[in-house]
Amino acid sequence: MLQCRSKSTFGSIGQGARRTPPPRRHIVEHEFSHVAGSTARRCPMVEEDNERMFRRFVAAMNRGDQEEVLRVWSPEMVHHGRFGTYGRDEVAELMGGFRAAFPDLAFEIEELAADGDRLFVRMTATCTHQHDFQGVRATGRRVRVQVMGQVRIVDGKIVEHYNVMDELHFLNQLGLVPDDLLTTILA
């Protein structure tokens, strides 16, 4: 596993040589990293590796490559959604059902930022409602919706995932929420 080493030469005064203290930002991040629940210090190389891994993960999702997706998800992965917390197998089952109804599902990464072992992403999802889904007959409509997520990565595997999708706009595009109701809600 790749580890970051601080380039700081800060040491005790008794060592004799003048030492340069670490930058203030490093001290703040180190001292307060536990507040956000992060277990990793900032490390540009690890962050870059995590970003590359996440881009490969999204590419696998776009191809519908369930085997690759499962390789990236830790067996202990936890997904936090609006209706509760799910394990890896439950998420795989839910995603399989969604992909069956929307087989051309694709994500485009709009923004991706890393902070230690966490990634923050804003994506646009596009798909066509080609088959029935959760009691709703296929509409044939093309949908484009914003998705926000946060993942935590340990040893190259996604161990935790938070996801928020603009579900109201999604349902509106499928014709399940009338435009006038959406306008009233958002006014």
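Compute the distance in nm between two label points, each set 7 Å from the Cα along the Cα-to-Cβ direction, one at ALA106 and one at ARG144.
About 1.2 nm, to one decimal.
So, by mean Cβ neighbours within 10 angstrom, what's the order for 126-137, 63-74 with the highest one leading?
By packing density, highest mean first, the sequence is 63-74, 126-137.
Report the full-extension gain for the segment ASN62 to LEU182: residue separation times 0.36 nm, less the Cα-Cα distance, to one decimal in nm.
Residue separation times 0.36 nm, minus the Cα-Cα distance, leaves 40.3 nm.
Once phi is turned into θ = phi - 60°, what whole-Hz ³J(HN,Hα) does the Karplus curve with 6.51, -1.76 and 1.60 give for every residue of region 61-75, x standing for Gly and Pro?
So the J values, rounded to whole Hz, are 4, 5, 7, x, 7, 4, 4, 5, 4, 5, 5, 7, 7, 5, x.
Values in this text are rule-based calculations from the coordinates and carry no lab data. A quick note: this is a predicted structure, and the numbers were derived from the prediction, not measured. Here the Cβ is made from the backbone with ideal geometry for all residues, glycine too, and neighbour counts use every protein chain on show.
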